[in-house]
Amino acid sequence: QSRSGRSARQFRGGLLFDMVGDRSLGITLPSDSPAEMARDIFGAAEALKLRSHFSYFDRELLDDHAPLNATGIPTLDIIDFDYPPWHTAGDTIDKISAESLQIVGSVALYYLSEFALKPLNR
């Protein structure tokens with residue numbers, strides 16, 4: 001149950017996009033990602049011939065998705081964790097790549113249109 005009193009079961013899931021504009025895009029899903037959602041994101045990337053940009057992070061990652069998963073809302077953290085300017089003064093707009101944003105956006109839209117409406121196994 002959330003703080004607002006609503007049940008987590010009313011939510012189908014969540015996609016968290018974090019640091020996805022890096023010029024050297026390398027999306028890494030945490031190893032504790034909801035398995036079905038991760039499989040489908042990888043499937044969407046494969047269908048668009050963009051799978052090389054998506055992999056698993058080699059360990060669990062405590063990030064903004066963790067509280068949602070803990071309350072029963074399956075949430076994927078779509079993150080480019082290898083981003084050297086992260087949390088530095090060098091993290092500026094010139095580091096953003098339109099191509100990387102296009103890749104992530106295309107995979108997200110494909111995922112939503114092809115996979116997100118099917119029933120989830122909870």
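Only the coordinates and a few stated rules stand behind these numbers; no lab work does. Computed from a prediction, not measured in an experiment: that's the story for all the values here. Neighbour counts run over all protein chains shown; Cβ positions are idealised from the backbone, glycine included.
The candidate values were [x] 15.2, 48; [y] 14.9, 43; [z] 16.3, 53; the one computed from these coordinates for Rg and Dmax of the Cα atoms in Å carries the label [y]. Rounded to the nearest 10 degrees, the inclination of helix 35-47 to the longest alpha-carbon principal axis of the chain is 40 degrees.
Helix 98-114: angle to the longest alpha-carbon principal axis of the chain, degrees 0 to 90, nearest 10? The angle comes out at about 20 degrees.
Remark on H65: its backbone amide H falls under 5 Å from none of the residues 5 or more positions apart or on other chains, H modelled at 1.01 Å from N. Taking a sphere under 12 Å around the Cβ of L112 and counting the other residues whose Cβ falls inside, with K and R at +1 and D and E at -1, yields a net charge of 0.
Between the stretch 46-117 and the stretch 14-36, the C-alpha centres lie 3 angstrom from each other.
Only helices enter the 222 nm calculation for the chain: every DSSP H run of n ≥ 4 contributes -39,500 (n - 2.57), and dividing by all residues gives -9000 deg cm²/dmol, rounded to 500.
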